[in-house]
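Have a look at the structure below, then the notes.
The values are calculated or read from the model by the stated rules, or taken from the named source; none is laboratory data. Since we're looking at a predicted model, the values are computed, not measured. Heads up, the Cβs are rebuilt from the backbone with ideal geometry, glycines too, and the neighbour counts pull from every protein chain shown. Accessible surface areas use protein heavy atoms only, side chains included; no ligands, DNA or RNA. Shrake-Rupley method; radii C 1.70, N 1.55, O 1.52, S 1.80 Å.
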Amino acid sequence: MGLTGGEFALLSLTVGIGAVLQVSVGFGLGMIAAPVFSLVDPTPAPPVVLLLAAGVTAAVLVRERGGADLRGCGWALVGRVPGAAAGTLLVILLPARHLALLIAGVVLTGVAVSAAGYVPRPRRSSVLLAGMASGLMGTATSIGGPPMAMVWQRLSGPRLRATMSAFFLAGSLMSLAALAAVGAVGAHTLQRTALLTPAAIAGVLLARPLTRRLDAHRTRTAAMALAVAGAVGLAAQQLGAWPGA
């Protein structure tokens, strides 16, 4: 299905804003783009967003090289493997609407707990669980940032961005491999990705001045705000499409 001029402009703007957030905070492209894609161009949505996010996170890693918590990243990726497998099964077996609403509820609950003063320590067990949740959510909906933002929110701005980017680059490739194995990545996915890549590049370039102004507190606030925005947008999208709504 082709895109109208307005649809292409909307998707390009969304990808550009998402890329700015991904570079500045360490995540955000999936949370911003996934609901819009689901409304405008739903069929290739998760793989396209994952491919774009992989490119953006690679750019962040080049800029923030040496700052990532590789040990924590490794444990998160161990958790991501079964999470990605579970997310792939959910894509196949469950109605997307039900899954999206469940994920939105989990994200909002997590943010509410954090806002109440709970900040999980990045222990091995919590990082493993966050990686698993991120793998499930990221593979099924391309929104995998909130669990990792929760567990790594104590990190400084540059270290958070580098660590999140290292995790999401490897994790996105895992999820894409799992989706490709069940036939969810095809020519249409690659065409949409190529069409929207210039918008992602523009977002990466525009983000550079912002990264210098984000301290740890601002990074945490932005991460939690993005989590809420993504979850509310996803829930609103699904409830608006519910029969009888």
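A protection proxy built from the mean count of other Cβ atoms within 10 Å ranks the segments 16-26, 71-81, 121-131, most packed first, as 16-26, 71-81, 121-131. Ordered by 1.4 Å accessible area with all protein chains kept, MET148, MET132 run largest first as MET132, MET148.
Accessible surface calculations at 1.4 Å, restricted to protein heavy atoms, place region 10-163 at 39 Å² per residue. Within the accessible surface of region 139-182, defined with a 1.4 Å probe on protein heavy atoms only, the carbon and sulfur portion equals 67 percent. Highest mean packing comes first when the peptides 193-201, 153-161 are listed by Cβ atoms within 10 Å, giving 153-161, 193-201. Each semi-axis of the equivalent ellipsoid for region 112-213 is √(5λ) with λ an eigenvalue of the Cα gyration tensor; in descending order they amount to 27, 21, 11 Å.
In this rough spin-label picture, where each label sits 7 Å from Cα along the Cβ direction, the THR109-ALA194 distance is 4.3 nm. Taking 0.36 nm per residue of sequence separation and removing the Cα-Cα distance, the ARG123/ALA180 pair yields an extension gain of 17.3 nm.
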